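Student: Can you read through this structure? Questions will come right after.
The values are calculated or read from the model by the stated rules, or taken from the named source; none is laboratory data. Remember, predicted model here, so these are calculated numbers, not experimental data. A quick note on method: Cβ atoms are made from the backbone with ideal geometry, for glycine too, and the neighbour counts reach across all protein chains shown. SASA here: full protein model, heavy atoms, side chains in, ligands and nucleic acids out. Shrake-Rupley method; radii C 1.70, N 1.55, O 1.52, S 1.80 Å.
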Amino acid sequence: MDMRETGRGRTRWGLILPFLAAPVVVLGLLVAGFTLWAYSEEDDAARTGAAAAVPCSEALAFGAAERPAGSDVRDCSVQRGIDTAYTAVLRMPRGEVAGWLRGTYPDAPEPRQGGACGALCLDVTSENGLPGTAEAHVVQVRVEYENAETARVRFSAFTM
């Protein structure tokens, strides 16, 4: 026979087949990886920019604040995108709000009262009294008095 034999039951496809199969394997891995990423629930809020629940100590610490004694802190969340924004809602004794704000932000301007901001408003930036320990660039505090004894404090700390 003039034809070169490649061995019993073997053809030249045995040499070419791995080169043809490699793109199919790579494409399969890409599809599987994309599918796993698309259906994973972990970090879904970070990808979509939706707010995600976080420990309240984390939300307050981002704005260099601590939980006031005698307060009930809840509804703490973070929203990440180009900037990061943490929020928290506190309920605390009405008479202790001003002292907590002064103690937390001693170099900040005095809180504004009344008008469109509610009972008290405080806006603190890194230029006007935000402590160096804050990761936020701005902290906004809005206080509403629920009754003669209780205040609802909306705390927001964010980067710009």
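Student: Could you tell me whether G81 is of a type outside the set (V, I, T), surrounded by fewer than 20 Cβ atoms within 10 Å (Cβ to Cβ), modelled with pLDDT under 95 and more than 24 Å from N147 (Cα to Cα)?
Tutor: For G81, the condition - of a type outside the set (V, I, T), surrounded by fewer than 20 Cβ atoms within 10 Å (Cβ to Cβ), modelled with pLDDT under 95 and more than 24 Å from N147 (Cα to Cα) - is met.
Student: Anything in segment 109-120 that is farther than 17 Å from E96 by Cβ and either open to solvent by 40 Å² or more (accessible area, probe 1.4 Å) or at pLDDT 90 or above (or both)? List them, or say none.
Tutor: P109, R112, G115, A116
Student: A follow-up question, please. Filter segment 63-78 down to the residues that are in a strand (DSSP E or B), open to solvent by less than 50 Å² (accessible area, probe 1.4 Å) and either at pLDDT below 90 or not hydroxyl-bearing (S, T, Y) (or both) and list them by number.
Tutor: Of everything in segment 63-78, those that are in a strand (DSSP E or B), open to solvent by less than 50 Å² (accessible area, probe 1.4 Å) and either at pLDDT below 90 or not hydroxyl-bearing (S, T, Y) (or both) turn out to be V73, C76, V78.
Student: If you take the residues in segment 134-160 that are under 20 Å from R80 (Cα atoms) and assigned to a loop (DSSP other than H, G, I, E, B), which one is most open to solvent (accessible area, probe 1.4 Å)?
Tutor: Applying the filter and picking the extreme gives M160.
Student: Follow-up. Across segment 81-125, what is the total count of residues that are hydrophobic (A, V, I, L, M, F, W, C), over 12 Å from R142 (Cα atoms) and either touching a Lys or Arg at 6+ places or on another chain (Cβ under 7 Å) or not in a strand (DSSP E or B) (or both)?
Tutor: Summing the residues that are hydrophobic (A, V, I, L, M, F, W, C), over 12 Å from R142 (Cα atoms) and either touching a Lys or Arg at 6+ places or on another chain (Cβ under 7 Å) or not in a strand (DSSP E or B) (or both) in segment 81-125 gives 3.
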